[in-house]
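Comments concern the structure below.
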Amino acid sequence: MGSSPAWVSRGRAFEPRTGGSPSHSTGAVPRSRWLRVRRGGSGSEFYSGCVLLLCRFDVTEAEVDEFVDSADRALALLTARDGCLGGELARAIEEPATWVLTIRFESVVAYRRALSGFEVREHVIPLLSRARVDVQSAHETALTAEGGATHRHTSLLAKDAGTVRLGEAAGPADPR
């Protein structure tokens, strides 16, 4: 098996079936609990059900050095937190004033905890407040792919999330 990928869920390893989903003697493991890792330390890793923080920034040429320093500090602080899987800062090739900061977290809980520390609030939140507000920044993983195989992930959003407001759990008073 050497460096072949393994499926891991709740501490147990599984080999994928033909369809690409893990199973064991008691049945299939829910897709929301899958974690795919590569042995040997090389290759990519992705986690099912993870949260992706994706922030877009407009940065003038005069602000680039200060912005990159701030992003460097933010990435160092966040990736040191439990549940942070990694992150990166990238610059658009065709529009050099556009930058994107992406950070992956194991879960919504890990995302919230990572942003709650004092040092993070002191250094990271001011950077994130510069992000463009015309797009959403926190996303859940819906589909992952590696080696020609794709994997769909169960959404954490309720099916009625866009129609039911707080206090209307029995149903909306007025349909939207």
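For the subset of region 81-112 comprising residues that are aliphatic (A, V, I, L, M) and under 13 Å from V124 (Cα atoms), which member is farthest from the chain's Cα centre (by Cα)?
Once the filter is applied, the top-ranked residue is L101.
Which members of region 114-127 meet the condition of being in contact (Cβ under 8 Å) with a residue 12 or more places away in the chain and surrounded by fewer than 17 Cβ atoms within 10 Å (Cβ to Cβ)?
Result: G117, E119, H123, P126.
Select from region 67-105 the residues that are aromatic (F, W, Y) and in a strand (DSSP E or B) and write down the one among them that is modelled with the lowest pLDDT.
By that ranking, first place goes to F105.
Taking region 136-151 on its own, how many of its residues are polar (S, T, N, Q) and assigned to a strand (DSSP E or B)?
Residues that pass the stated criteria total 2.
Here is a list of conditions, (1) within 26 Å of L157 (Cα to Cα); (2) out of contact with any Phe, Trp or Tyr (no Cβ under 6 Å at 6 or more places or on another chain), and R73 meets all of them except one; can you say which number that is?
(1)
Could you check region 89-105 and list, in sequence order, the residues that are crowded, with 18+ Cβ neighbours inside 10 Å and farther than 18 Å from L157 by Cβ?
Matches in region 89-105: L89, W99, L101, I103, R104.
The values are calculated or read from the model by the stated rules, or taken from the named source; none is laboratory data. Every value quoted in this text rests on a predicted model; they were computed, and no experiment measured them. Here the Cβ is made from the backbone with ideal geometry for all residues, glycine too, and neighbour counts use every protein chain on show.
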